[in-house]
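Scroll down for the structure; my scribbles are underneath it.
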Amino acid sequence: MTPRAQALASAHPAEPVDFESFLESGMDAVRKAGLYRFFRHIEGPIGPEVTMRDEKTGERRKVLLFCSNSYLGLSDHPALREAAAKAALEWGVGSGASRHISGSLSLHRELEERLAAFKGCERAVLYNTGYMANVGIVSTLMDSGDEVFSDELNHASLIDGCRLSGAKKSVYRHSDLGHLEELLKASRAKKKLVVTDSLFSMDGDLAPLPGIVEIARRYGAWTLVDEAHATGCLGREGRGAIEHFGLSGQIDVVMGTLGKALGSFGAFAAGSARLIEYLINRSRMLIFTTSLPPAALAATLAALDVLAREPDLPRRLEQNALRLREGLHQSGFSTLESRSHIVPVVIGEAGPTMEFARKLFEQGVFVTGIRPPTVPPGTCRLRVTVMATHTEGQIDRILEATRKIGKELGIV
Ligand code: PMP
């Protein structure tokens with residue numbers, strides 16, 4: 001016990017928890033479980049190849065980046081950089097307050113109109129991050145006494161939204177329509193909301209959206225679809241999985257993020273004009289926070305222009321993803337049901353997964369090992385993500401490195 005803890009213990013019969021001991025024992029548990037996390041440092045723009053700095057030696061080296069969500073390579077695209085820089089010079093760097101408090105910039109409205117049109121919805125409203133959007137939307141629409149039906153692999157932000165709302169959370173097995181229907185049938189709640197990622201962030205597979213929409217409709221449930229990883233990537237014009245399935249206009253709440261394929265920062269909800277008015281008036285996650293700054297707004301507007309000008313970008317992403325998945329299969333790796341640019345290489349336990357990632361890094365390839373609670377225990381994996389801007393040669397390099405390390409570690 002530390003001296004501070006001793007002093008506290010003698011002064012308070014209820015034995016208050018000593019702050020330092022609390023932190024220390026919490027971190028001991030993290031280390032023992034093999035879940036210790038730390039940041040790796042990048043110096044320069046996010047692209048297919050990045051410059052990384054070793055914290056201990058200060059040494060800089062170039063490595064291939066295969067774990068970013070900048071799927072179209074837009075985060076360092078010249079048009080977005082220029083738009084952001086120009087907006088910062090013309091509009092300044094901050095928005096100053098919440099839009100309810102000090103006014104909304106015309107850039108906010110312009111972007112919302114573009115996003116609504118992009119998603120085939122009446123109206124859209126911006127949130128600062130996808131995490132805030134999901135927590136904000138679910139907790140604004142749902143309450144105690146209501147019921148949320150959630151795929152077991154949904155993103156943490158949807159789960160946290162349920163928790164904050166106080167609604168009952170019923171989890172259905174991953175993409176299992178029969179199970180979803182069973183839960184809906186048994187529900188006594190009057191307000192029911194089915195929530196799902198459209199493209200699952202750690203597995204790279206698509207939710208069966210047509211079935212979900214049909215079942216939800218039959219049981220009078222509303223739908224919320226998180227298009228974080230599909231926006232900009234899937235569908236004929238890169239509008240997302242909803243476009244891919246021909247379901248535009250049939251989802252009650254569409255959520256998307258701007259910090260992934262669109263290369264910038266922020267998020268949005270889209271749907272009917274009435275939904276958006278409701279969120280603007282009642283969603284604490286957008287009422288009580290400073291709004292997105294001009295540079296981020298202008299960069300996203302430029303991203304939508306680039307996507308319209310270069311419709312080939314999502315196709316290039318698809319081709320690269322195919323090359324990566326096929327190469328991994330040829331080496332004997334499992335990539336689960338991935339059909340996309342998110343390619344899980346499942347290893348199993350945390351130890352060998354992190355060892356694999358470390359060895360890849362030594363070979364000049366940056367891929368992150370993913371462990372619980374992000375994925376279920378025993379399914380630790382390398383989450384390999386490819387970009388439209390990776391060259392075939394760069395993809396071949398990661399394939400060669402994974403094959404070599406997989407053999408060394410006895411995984412393939
Ligand atoms: N939804 C999904 C499916 C995600 O994967 C993420 C982030 N990884 C988010 C929401 C949160 O988005 P943001 O990073 O903009 O907070």
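Per-structure values
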{"quantity": "Index of the failed condition, Ile101 passing every other in (1) of a type outside the set (D, E, K, R); (2) in contact (Cβ under 8 Å) with a residue 60 or more places away in the chain; (3) more than 30 Å from Ala401 (Cα to Cα)", "calculated": "(2)"}
{"quantity": "Residue that is farthest from Ser283 (Cα to Cα) [pool: residues in the stretch 161-180 that are open to solvent by less than 40 Å² (accessible area, probe 1.4 Å) and within 15 Å of the ligand (Cβ to nearest atom)]", "calculated": "Ser175"}
{"quantity": "Within the stretch 45-64, considering residues that are assigned to a loop (DSSP other than H, G, I, E, B) and modelled with pLDDT of 95 or more, the one farthest from Ala388 (Cα to Cα)", "calculated": "Pro45"}
{"quantity": "Where Ala97 falls short, out of the listed (1) more than 22 Å from Phe268 (Cβ to Cβ); (2) open to solvent by less than 20 Å² (accessible area, probe 1.4 Å); (3) part of a loop (DSSP other than H, G, I, E, B)", "calculated": "(1)"}
{"quantity": "The stretch 188-202 - residue that is assigned to a loop (DSSP other than H, G, I, E, B) and within 15 Å of the ligand (Cβ to nearest atom) and, of those, nearest to Tyr219 (Cα to Cα)", "calculated": "Ser198"}
{"quantity": "Residue list for the stretch 67-94, restricted to those being within 16 Å of the ligand (Cβ to nearest atom) and either part of a loop (DSSP other than H, G, I, E, B) or hydrophobic (A, V, I, L, M, F, W, C) (or both)", "calculated": "Cys67, Ser68, Asn69, Ser70, Tyr71, Leu72, Leu74"}
{"quantity": "Condition met for Leu107 (touching a helix residue (DSSP H, G or I) at 6+ places or on another chain (Cβ under 8 Å) and not in a loop (DSSP other than H, G, I, E, B))", "calculated": "yes"}
{"quantity": "Condition met for Lys185 (open to solvent by 20 Å² or more (accessible area, probe 1.4 Å) and either assigned to a loop (DSSP other than H, G, I, E, B) or of a type in the set (S, T, N, Q) (or both))", "calculated": "no"}
{"quantity": "Tally, over the stretch 119-160, of residues that are open to solvent by less than 30 Å² (accessible area, probe 1.4 Å), within 8 Å of the ligand (Cβ to nearest atom) and not in a loop (DSSP other than H, G, I, E, B)", "calculated": "5"}
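A quick yes/no check of all residues on (1) exposed (fewer than 11 other Cβ atoms within 10 Å of the Cβ); (2) in contact (Cβ under 8 Å) with a residue 12 or more places away in the chain:
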| site | (1), (2) |
| --- | --- |
| Leu23 | yes, no |
| Tyr36 | no, no |
| Cys67 | no, yes |
| Tyr71 | no, yes |
| Leu74 | no, yes |
| His77 | no, yes |
| Leu105 | no, yes |
| Ala116 | no, yes |
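The values are calculated or read from the model by the stated rules, or taken from the named source; none is laboratory data. Note that the coordinates shown come from a computational prediction; the quantities given were computed from them, not determined experimentally. Every residue, glycine as well, gets a Cβ built from its backbone with ideal geometry; the counts of neighbours run over all protein chains shown. The accessibility values were calculated without ligands, DNA or RNA, using every heavy atom of the protein model including side chains. Shrake-Rupley method; radii C 1.70, N 1.55, O 1.52, S 1.80 Å.
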